[in-house]
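Just below is one structure, and these are the notes that go with it.
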Amino acid sequence: MPCRVKPVLAGYIEASIGIAGAVISFLIDPDDFKLKYAISLAVVPILVIGFSSYLVIPIFVFSIISGTYLYTKKFYYPFVFLFAFTLLSYIFFGDGSQWMAIDAAISTGMIVVMIFDSRERQYVKANEITRGEDRIKEVRRDYVQIAAGIIIIGLLYFYGVDISRILVTFGSLLLYAIGNFFSARPDLMIGKFLQNLERSHTKLGIGSMWFASGILLAYSMHDGLYLIMLIVFIISIGDSIATIVGVNVKSPKLFINRKKSVAGTLSLFAVSAAFGFLLIGFLGIGYAALGSIVEAVSGYPLDDNMTVPFAISLMASIVRML
């Protein structure tokens with residue numbers, strides 16, 4: 001009996017801390033949180049039931065609070081709780097299903113904020129509107145994204161899913177804080193360098209937040225090494241190659257998305273299908289096709305860095321049940 005009581009008690013404590021954080025933040029800024037917490041009433045039960053864990057509640061809540069206060073000094077207070085909970089979870093739980101729950105809570109919290117927070121939604125919209133305006137900057141951003149993809153795929157290859165998942169989670173949180181700090185300090189050399197990678201009139205790190213949420217979402221929905229590698233390849237390397245080709249090769253625009261070209265979409269499919277086939281055979285080509293289609297139709301307020309991992313992960317779950 002004692003062995004069962006302790007986890008249950010810990011779960012109640014975790015849930016209580018999350019609920020307390022939500023109540024306090026709502027009382028302080030009700031207009032900022034009422035819509036996001038209303039949406040959360042549908043999201044949180046799915047996370048709790050899906051991962052059989054109350055740990056998702058405080059992490060999800062503090063992810064929402066941190067995202068709401070992004071680009072302000074208030075950001076650091078909830079972020080300390082978010083980072084602390086993640087670190088304590090590593091100390092007590094390590095890898096496994098609990099870490100998948102952590103990634104799900106962080107990524108869904110970020111996504112809820114970027115879709116339903118009016119201020120963040122304007123930043124996302126500005127990022128989407130200015131997409132492709134500066135060709136040199138777009139290509140420069142894509143080289144950075146390719147490098148990030150290579151690093152994550154390398155971590156997966158050398159350390160496996162469990163260890164790489166933990167490293168990527170902490171890396172995402174650290175980049176989250178770094179982006180917030182340097183967005184307020186463009187006078188510093190590093191801040192100026194990072195801002196030069198962003199599209200004009202776009203807040204530092206908005207694209208990176210979508211990218212991080214997509215990667216964490218993929219980690220949370222599957223533990224298959226090759227599938228996660230393929231998803232990372234599509235949204236980092238494949239998508240970047242599509243942009244580089246689309247910028248440099250003249251071709252018609254897609255009728256479903258005038259910001260994307262036929263040449264770019266075909267190049268995304270070609271390189272992703274080749275990599276997918278190398279990893280998991282003909283099924284990999286199917287996932288590459290799905291990813292290319294979803295990438296082509298994705299647009300504001302949703303970002304392809306989120307929609308592609310979700311669509312492929314969902315399809316892989318269906319395939320696994322067949």
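The angle separating the long axis of helix 282-297 from the principal Cα axis of greatest extent in the chain is about 90 degrees. Averaging the sequence gap over all C-alpha pairs within less than 8 Å and six or more residues apart, then dividing by the number of residues, gives region 67-201 a relative contact order of 35 percent.
The fewest-to-most ranking of Ser313, Ser236, Ser298 by surrounding Cβ atoms within 10 Å reads Ser298, Ser313, Ser236.
Within the shell of other residues whose beta carbon sits under 14 angstrom from the beta carbon of Val56, the net charge comes to -2, with Lys and Arg scored +1 and Asp and Glu -1.
If you rank Thr86, Thr265 by fewest surrounding Cβ atoms within 10 Å, what's the result?
Taking fewest neighbouring Cβ atoms as first place, the list is Thr265, Thr86.
Counting charges near Trp210 (Lys, Arg +1; Asp, Glu -1) among other residues having Cβ under 10 Å from its Cβ returns a value of -2. For Ile115, neighbours were defined as the other residues whose beta-carbon sits under 13 Å from its Cβ, and their charges (Lys and Arg +1, Asp and Glu -1) total 0.
For the pair Leu278 and Asn257, the difference between a 0.36 nm per residue extended length and the Cα-Cα distance amounts to 4.6 nm. Calculated mean residue ellipticity at 222 nm for the chain: -27000 deg cm²/dmol, from DSSP H runs with n ≥ 4 weighted as -39500 (n - 2.57), summed, divided by the residue count and rounded to 500. Against the empirical curve 2.2 N^0.38 Å, the C-alpha radius of gyration of the chain lands at a ratio of 0.99. Backbone geometry of region 263-275 corresponds, through the Karplus equation with coefficients 6.51, -1.76 and 1.60 at θ = phi - 60°, to 3J(HN,Hα) couplings of 4, x, 5, 5, 5, 4, 5, 4, 6, 5, 5, 4, 5 Hz, x marking Gly and Pro.
Placing a pseudo-label 7 Å from each Cα along the Cα-to-Cβ vector at Phe170 and Ala38 gives an inter-label distance of 4.0 nm.
Would you work out the Kirkwood radius for region 252-300? I mean one over the mean of 1/r across all pairs of different Cα atoms, in Å. Can you show the working numbers first?
Working: mean 1/r = 0.0915 Å⁻¹.
Hydrodynamic radius (Kirkwood, Cα pairs) of region 252-300 is 10.9 Å.
The string of couplings for region 204-220 from the Karplus curve (6.51, -1.76, 1.60, θ = phi - 60°) is 4, x, 4, x, 5, 5, 4, 4, 5, 5, x, 5, 5, 5, 5, 4, 7 Hz, one whole number per residue in order, with x for Gly and Pro. Near the amide H of Leu254, within less than 5 Å, lie the amide hydrogens of Lys260, Ser261, Val262, all on another chain or at least 5 residues away, with H placed in the peptide plane. Which angle between 0 and 90 degrees, to the nearest 10, do you get for helix 239-248 versus the longest principal axis of the chain when only C-alpha atoms count? Orientation of helix 239-248: about 30 degrees from the principal axis.
Approximating the spin labels as points 7 Å out from Cα along Cα→Cβ, the Arg140-to-Ala84 distance works out to 3.9 nm.
Once the C-beta distance of Leu225 and Ala289 is scaled by a Förster radius of 30 Å, the resulting FRET efficiency is 0.90 to the nearest 0.05.
Couplings 3J(HN,Hα) of region 77-92, computed from phi: 5, x, 5, 4, 5, 4, 5, 5, 4, 5, 5, 5, 5, 5, 5, 8 Hz, in residue order, whole Hz [Karplus 6.51 cos²θ - 1.76 cosθ + 1.60, θ = phi - 60°; x for Gly and Pro]. Spin-label pair Arg119-Ala270: with each label point 7 Å from Cα along the Cα-Cβ axis, the two points sit 4.5 nm from one another. Taking other C-beta atoms within 10 Å as the exposure proxy, His222, His201 rank His201, His222 from fewest upward.
No value in this document is a laboratory result; all are computed from the given coordinates. Fair warning: this is a prediction, and the values are worked out from it, not measured in the lab. Cβ: placed from backbone, ideal geometry, glycine included. Neighbour counts: every protein chain shown.
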